[in-house]
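Remarks on the structure that follows.
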């Protein structure tokens, strides 16, 4: 006799099974069902992740930089493929400056970001401009980091404002000469003493938040006016005697 046994009826007759065997069988069936449910859920999630529209939406939200090849030129822009989807790059978003001939970008490798996704209208818009701006900003920060306060540089007057003059320096850097730093003499307006395109020499006097402060006044020689000498007579010569007062006076 089998201990803790249970008689199970089948078409072929009664079969005796132990309780332990029944428990093991039930556990295996439960685990199998659970695995099948998890697998289906995972598959559904995988299918969502593999959806190209979901992928490009994720790229847009994360600001992912994508390397692409310009595969076509159309009216007003260029075409590049992302995850099998046709993306449009407006001409104004291909570069930081105006592009005379879009054909020069055909088959060119560039980096872009996704800036607009509209699956309903089958619309995917890309931009290289944002990537180029970030690179330009980083390069400028590196240049400014190498600038030393106290350095003397040559530059060109780029523009004149009421509050000062912007000077274009070496390596594409730019700085401001405040109106109070133009000259030791009082300057009412920068345009009174400077003109655009004029070459000047400036001294770097400060750097804050990526902005360079310049001075022309700091390079001017200080002309001191000679002090006027005042002769002070000795104390004994200051006094006047009665004899001195009446000297040369004739009394009748």
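The residues in segment 123-140 that are part of a strand (DSSP E or B), surrounded by 15 or more Cβ atoms within 10 Å (Cβ to Cβ) and either free of Cβ contacts under 8 Å to residues at least 40 places away in the same chain or in the same structural domain as residue 180 (by TED's automatic domain parsing) (or both) can be counted, and the count is 2. Against the criterion of being modelled with pLDDT of 90 or more, surrounded by 11 or more Cβ atoms within 10 Å (Cβ to Cβ), part of a loop (DSSP other than H, G, I, E, B) and assigned by TED's automatic domain parsing to the domain that holds residue 152, residue 213 does not qualify.
Of all residues in segment 56-77, those satisfying the criterion of being over 26 Å from the mean Cα position of the chain (by Cα) and either at pLDDT 95 or above or assigned to a strand (DSSP E or B) (or both) are 71, 72, 73, 74. One residue alone among 191, 208, 143 is surrounded by 11 or more Cβ atoms within 10 Å (Cβ to Cβ) and either free of Cβ contacts under 8 Å to residues at least 12 places away in the same chain or more than 30 Å from residue 62 (Cα to Cα) (or both), and that residue is 191. Of everything listed in (1) out of contact with any strand residue (DSSP E or B) (no Cβ under 6 Å at 6 or more places or on another chain); (2) within 16 Å of residue 133 (Cα to Cα), the single unmet condition for residue 101 is (2). For segment 218-235, indicate whether the set of residues that are modelled with pLDDT of 60 or more, surrounded by 12 or more Cβ atoms within 10 Å (Cβ to Cβ), part of a loop (DSSP other than H, G, I, E, B) and out of contact with any helix residue (DSSP H, G or I) (no Cβ under 7 Å at 6 or more places or on another chain) is non-empty. Yes; the residues of segment 218-235 include at least one that is modelled with pLDDT of 60 or more, surrounded by 12 or more Cβ atoms within 10 Å (Cβ to Cβ), part of a loop (DSSP other than H, G, I, E, B) and out of contact with any helix residue (DSSP H, G or I) (no Cβ under 7 Å at 6 or more places or on another chain).
Each residue in segment 78-98 was checked for being part of a helix (DSSP H, G or I) and under 13 Å from residue 131 (Cα atoms), and 1 pass. Applying the condition of being surrounded by fewer than 17 Cβ atoms within 10 Å (Cβ to Cβ) and touching a strand residue (DSSP E or B) at 6+ places or on another chain (Cβ under 7 Å) to segment 80-95 and asking which residue is nearest to residue 109 (Cα to Cα) yields 81.
Of the numbered criteria (1) closer than 30 Å to residue 208 by Cα; (2) not in a strand (DSSP E or B), the one residue 159 fails is (2).
The values are calculated or read from the model by the stated rules, or taken from the named source; none is laboratory data. What you see is a predicted model, and the numbers here were worked out from it, not measured in a lab. Every residue, glycine as well, gets a Cβ built from its backbone with ideal geometry; the counts of neighbours run over all protein chains shown.
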